[in-house]
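The values are calculated or read from the model by the stated rules, or taken from the named source; none is laboratory data. Owing to the predicted nature of the structure, the values given are computational and were not obtained by experimental measurement. Cβ sites come from the backbone with ideal geometry, for glycine too, and all protein chains shown count toward neighbours. For the accessible areas, the whole protein counts, side chains as well, though only heavy atoms, and no ligand, DNA or RNA atoms are used. Shrake-Rupley method; radii C 1.70, N 1.55, O 1.52, S 1.80 Å.
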Amino acid sequence: MTKRFLSAITTFLLLAATASAQDAKAVLQKAATALGATNLNSVQYSGSGKAASLGQSLTPQVAWPLLNVNTYTRAIDYPSQSSREEMVRTQENPPAKGGGAPFAGEQRQVNLISGPYAWNQPGNTPIPALATSAERQLQILCTPHGFVKQAMVSNATAKKTKGGTEVTISAIGKYKVVGTIDGQGLVSKVETWLPNPVLGDMSVETTYTDYKDYSGVKFPTHIVQKQGGYMVLDLTVSNVVPNAPNAALAAPDAVKSAAAQPVRAESQKLADGVWFIGGGTHNSVLIEYKDYLAVVEAPNSEERSLAVIAEVKKLVPNKPIRYLINTHHHWDHSSGIRTYVAEGATVITNEMNKAYYEEAWKRPRLLEPDNLSKSPKKATFITVKDKYVLTDGDRSLELRLTEGDTHNAGILFGYLPKEQILIEADDFTPPAPNGPALVPLAMMFGNNLYENIQRSKLDIQTIAPLHGRVVPFTEFPKALGKG
């Protein structure tokens, strides 16, 4: 009886899977015809609209800060799986509150992919962008025509929904891609998921509306992409060229031969028991107490945190890392926190960040499991409102809210009164010697931090910035034009 029942269930599931595949094939054939995808090998489209700085919101759980996209052009070649995306961005007036690297005037971005090879080329020299390869390949598959073409040669399945038919495929090994095709055969939405060190398996959802006919090819004239739940691109398309010439790209040899560089953590002693740990785009600071250690900032990734932790253990081998101090929630400064939680450290952060981290860290992490997901433990927090002092009676670290900060409303800076050291993130990145002056937006952030320091009457001799190089405090007012 049990064998007959299991056999019946197996037969039912096989029939259901076969029916789903047949449904998908019919839906995709209709979509290919409606979109004019069959004879489309390449496409170039252009327009303008809005972009946003991903992971750089003013406070947790609000939308990413907006930028203007003055011009946007993208050319895709489907047979070679290559794409060139070029845009010119400017700040809103006044600039949106939140993060992102400050810039003045126009910022030109040129992002390219050819097969598995990704690179940027805002000037004449190609810059390998190995970490973006999977996302850029997926972005091609998430276009209406790219999705239909890929789905037609994949083991696609179909499911009816209120919005149409959801067609699901797997791509580039481990990525799930779901396209919604409406009753007219037009792709209205494509969703996939990317690994993100803060949010886990992060949704990337692109919606397509207002289709128009371009020489037998239907193409959407309004494209909106959301990542992590908020808009990163809102594009109004003004021109489309089907089968655009010269869309296929060949990766430069320098890009093909590029290899991922090992993460470096290089320490510099600032005072007895205080070390600046650099070696990359972001820095950390190690502070030694009598019985334990504290690390300020866990940026970028688990790999970065593991490199910093290894350097910490080399510098002070017999004490535990009891505290990880997080200056603010922006992803480039919070993407390595979970690694310290896995090590048993308590997180000290602004009170507004606790609920955000707790919710984000509950999400699935199947695409790239980290140490904490492999060996789960509950995170512990100490939250800061205006000021918190971490002390053992001998050494003290003051953590203070940077009031009035428009880069991040909850950003903290650290002050070591005995050592006269300021530890700060993003509000002042010391310019290179004889380098260009700070842009106006960076000046605004810097002036606000300077005013906070003056109000608190802090006696500072050295700045340990979490971007850039260690400098005497006198470099700060000089960069702000204060003499």
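See the values below:
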read-out	value
Qualifying residue in the stretch 411-423 (condition: closer than 28 Å to Leu293 by Cα, open to solvent by less than 40 Å² (accessible area, probe 1.4 Å), in contact with a Ser or Thr (Cβ under 9 Å, 6 or more places away or on another chain) and of a type in the set (Phe, Trp, Tyr))	yes
Hits in the stretch 162-194 - residues which are closer than 23 Å to Gly228 by Cα, out of contact with any Leu (no Cβ under 8 Å at 6 or more places or on another chain) and among the hydroxyl-bearing types (Ser, Thr, Tyr)	Thr168, Ser170, Thr180, Ser188
Selection from the stretch 313-333 of residues that are over 27 Å from Asp272 (Cα atoms) and either without any contact (Cβ under 8 Å) to a residue 40 or more places away in the chain or in contact with a strand residue (DSSP E or B) (Cβ under 9 Å, 6 or more places away or on another chain) (or both)	His329, Trp331
Top-ranked residue of the stretch 378-394 - restricted to ones that are outside any loop (DSSP other than H, G, I, E, B) and either under 19 Å from the mean Cα position of the chain (by Cα) or hydrophobic (A, V, I, L, M, F, W, C) (or both), ranked as surrounded by the most Cβ atoms within 10 Å (Cβ to Cβ)	Val384
Strands (runs of 3 or more DSSP E) contained entirely in the stretch 122-195, each with at least 3 residues that are open to solvent by 50 Å² or more (accessible area, probe 1.4 Å)	157-161
Within the stretch 255-270, considering residues that are loosely packed, with under 14 Cβ neighbours inside 10 Å and of a type in the set (A, V, I, L, M, F, W, C), the one farthest from the chain's Cα centre (by Cα)	Ala259
Residue match in the stretch 208-216 (condition: under 27 Å from the mean Cα position of the chain (by Cα) and in a strand (DSSP E or B))	yes
Gln109 being open to solvent by 30 Å² or more (accessible area, probe 1.4 Å), closer than 22 Å to Thr192 by Cβ and at pLDDT 95 or above	yes
Conditions (1) open to solvent by 40 Å² or more (accessible area, probe 1.4 Å); (2) modelled with pLDDT of 95 or more; (3) part of a loop (DSSP other than H, G, I, E, B): number failed by Asp427	(1)
In the stretch 60-85, residue farthest from Gly146 (Cα to Cα) [restricted to those that are open to solvent by 50 Å² or more (accessible area, probe 1.4 Å) and in a strand (DSSP E or B)]	Leu66
Residue identified as in contact (Cβ under 8 Å) with a residue 24 or more places away in the chain, more than 27 Å from His467 (Cα to Cα) and aliphatic (A, V, I, L, M) among Leu306, Leu270, Leu249, Leu293	Leu249
Asp201, sole failed condition from (1) open to solvent by 40 Å² or more (accessible area, probe 1.4 Å); (2) in contact (Cβ under 8 Å) with a residue 40 or more places away in the chain; (3) among the charged types (D, E, K, R)	(1)
Any hit, the stretch 438-455, residues being open to solvent by less than 20 Å² (accessible area, probe 1.4 Å), more than 20 Å from Gly99 (Cα to Cα) and of a type in the set (A, V, I, L, M, F, W, C)	yes
Scan of the stretch 226-239 for residues that are in a strand (DSSP E or B) and either touching a residue at least 60 places away in the same chain (Cβ under 8 Å) or within 13 Å of Pro144 (Cα to Cα) (or both), ordered by number	Gln227, Tyr230, Met231, Val232, Leu233, Asp234, Leu235, Thr236, Val237, Ser238, Asn239
Subset tally (residues that are open to solvent by less than 70 Å² (accessible area, probe 1.4 Å) and either within 12 Å of Gly200 (Cα to Cα) or acidic (Asp, Glu) (or both)) for the stretch 357-377	10
